[in-house]
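Report on the structure given below.
Readers should treat all values here as calculations from the given coordinates under stated rules, not as data from a laboratory. Note that the structure is a prediction, hence the values are computed from the model and not measured. All Cβ positions, even for glycine, are placed from backbone atoms using ideal geometry, and neighbour counts span all protein chains on display.
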Amino acid sequence: MIRSLLILFLTFLMSCGLYQGADEYWVYVSSSSDVDESGIGIYNWNPSTGKLNYVSKESTIKTSSYLTIDAENQRLYSINGEGIQGYQIDVSTGQLSLINQIGLTGDGPCYVGLADNRQYLMVAYYSSGTAVSYALDAAGRLGDEISRVQHEGSSINTERQEKAHTHMILPAPEGDLVVVTDLGVDQVLTYRVSQTGEFNPQPVSVTQVEAGYGPRHVAFHPNNRYIYVLAELTGHVMAYHFDSEKGIGDLIGVVSILPSDFTEFNKSADIHITPDGQYLYASNRGDNSLAICQINPESGDLIVVDIRSCGGEWPRAFEIEPSGEYILVANKRSDFISVLDLDTETGLYKKVEEIHGVVSPQCIKFLKK
């Protein structure tokens, strides 16, 4: 009630030009549909009011599967079935200008990651079972392939794990390691990468998860000592120790992120941690929910607080707003974004708005103005 009254009061002050509000953000939403040409949606986010407003869309591409933005908020990179695109960002307007586009060197691009030094870009190719790095010049222009690692193997789910399927490639917060999940072989691997994007093909660590789990995405705790792995095929989250030199270490614990009585089809999708490191959220496509997990700061272990509706259907991705007070959920099959208001003390949330007009939202990224 108090927050609602405060938002109404701040909205009134802003309408009178008496209050400029907290830092505002551009929000970029990738969309991919067989029947629509949606490209990348551009929105304005105001954390003072919790309002997400449509601005425009980048339409030089028809679809986008995943996005990443560099640490300097200057460039955005996108992948789709036709190639990899690089854009210059106009922070004053939020608009994107295409720098260049290169062709794919694998099948089924599903994730794009960016090195902190901005000298190379990385793509996970699901269907090929490969992780690939590409050159970037000083202007952000995409260049040739630099290096790749090829995974081999399979696991017990004959429909989804008949071969290697790399799903995510994420740089560690510190050091020169990158983490690669492979849904097909039930492994999470860490590789050392040079400053110029050369993979050392010998993994620093290989973490074998339970057979049939299908690791999809990972999230690092803000203290950089823990890493959390989301299992797409079974709806679990595994907590591990992490070292910036040695990679993934011992298992801390495993929790189920599905209701105990849920028996229908489900694919878990995305995982994120609040900026203060207190809560972890993971999405379920099928149960159409977010699991809320409290993180023990001393051990890194998880306690499931609640599993509740994400506010739409098929939450393929979501993003925690930088202040940690809201979650935006990309409900792919509902064709809208749910705005969830978080209680930072309990980790619980309630849906406060639906943002329609976006077709098959896939990925959400914030950029501070």
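What base-10 log of the normalised intensity I(q)/I(0) is obtained for region 118-218 from the Debye formula, alpha carbons as equal point scatterers, at q = 0.17, 0.25 Å⁻¹?
For region 118-218, the Cα-only Debye profile gives -0.71, -1.29.
For region 297-358, what relative contact order do you get, as a whole percent, if you take Cα pairs closer than 8 Å and at least 6 residues apart? Numbers along the way, then the final one.
Working: 106 pairs, mean separation 15.4, N = 62.
In percent, rounded to a whole number, it is 25.
How would 51, 332, 369 line up from fewest to most surrounding beta-carbon atoms within 10 angstrom?
Numbers: 51 17, 332 23, 369 13.
Ranked by crowding around the Cβ, least crowded first: 369, 51, 332.
So how do 352, 179, 359 line up by other beta-carbon neighbours within 10 Å, fewest first? Display every interim value, and only then the final one.
On the way: 352 15, 179 26, 359 19.
Least to most surrounded, the residues fall as 352, 359, 179.
Rank 224, 288, 80 by mean-square fluctuation in a GNM of the chain with C-alpha springs under 10 angstrom and give only the top-ranked residue.
224
Can you give the calculated 222 nm mean residue ellipticity of the chain, where each DSSP H run of n ≥ 4 adds -39,500 (n - 2.57) and the sum is split over every residue, rounded to the nearest 500 deg cm²/dmol? Mind dumping the intermediate values first?
On the way: 1 runs with 14 residues, N = 369.
The per-residue figure over the chain is -1000 deg cm²/dmol.
Work the Kirkwood hydrodynamic radius out for the chain: mean of 1/r over every pair of different alpha-carbon atoms, inverted, in Å. Mind dumping the intermediate values first?
Numbers: mean 1/r = 0.0480 Å⁻¹.
Result for the chain, one decimal place: 20.8 Å.
Using Cα springs under 10 Å in a Gaussian network model of the chain, which residue among 131, 71, 164 shows the largest mean-square fluctuation?
Ranking 131, 71, 164 by mean-square fluctuation puts 71 first.
Shape verdict for region 296-355, please, from the Cα gyration tensor: rounded (a/c under 1.5), prolate (a/b greater than b/c) or oblate.
Working: a/c = 2.20, a/b = 1.79, b/c = 1.23.
Cα axes put region 296-355 in the prolate bin.
For 353, 174, 159, what's the fewest-to-most ordering of other Cβ within 10 Å of each Cβ? Numbers along the way, then the final one.
Working: 353 17, 174 13, 159 6.
Placing the least packed residue first, the sequence is 159, 174, 353.
In a Debye calculation with equal point scatterers on the alpha-carbon sites of region 22-87 and no solvent, what is log10 I(q)/I(0) at q = 0.22, 0.27, 0.28 Å⁻¹?
-0.94, -1.18, -1.22
How much net charge surrounds residue 199 when only other residues with a Cβ under 13 Å from its Cβ are counted (Lys, Arg +1; Asp, Glu -1)? Intermediate results must be reported in sequence, preceding the final value.
Working: positive: 148, 192; negative: 145, 176, 198.
Neighbour charge sum, excluding residue 199 itself: -1.
I'm a student and want to see the number: the projected area of the Cα convex hull of region 160-224, averaged over all directions, in nm². Numbers along the way, then the final one.
Values: hull surface 18.7 nm².
Directional mean of the projected Cα hull area for region 160-224 stands at 4.7 nm².
In region 36-189, if every C-alpha pair distance is counted and binned at 5 Å from zero, what percent goes to each bin?
Spelled out bin by bin, region 36-189 gives 2, 9, 17, 19, 18, 14, 11, 7, 3, 1, 0 percent.
Choose one answer from 247, 86, 143: the residue with the largest mean-square fluctuation in a GNM of the chain with alpha-carbon springs under 10 Å.
Answer for the Gaussian network model of the chain: 143.
Report, by chain and number, residues whose modeled amide H sits under 5 Å from the one on residue 253, excluding near sequence neighbours (fewer than 5 apart, same chain).
Close amide H contacts, sequence-distant or interchain: 239.
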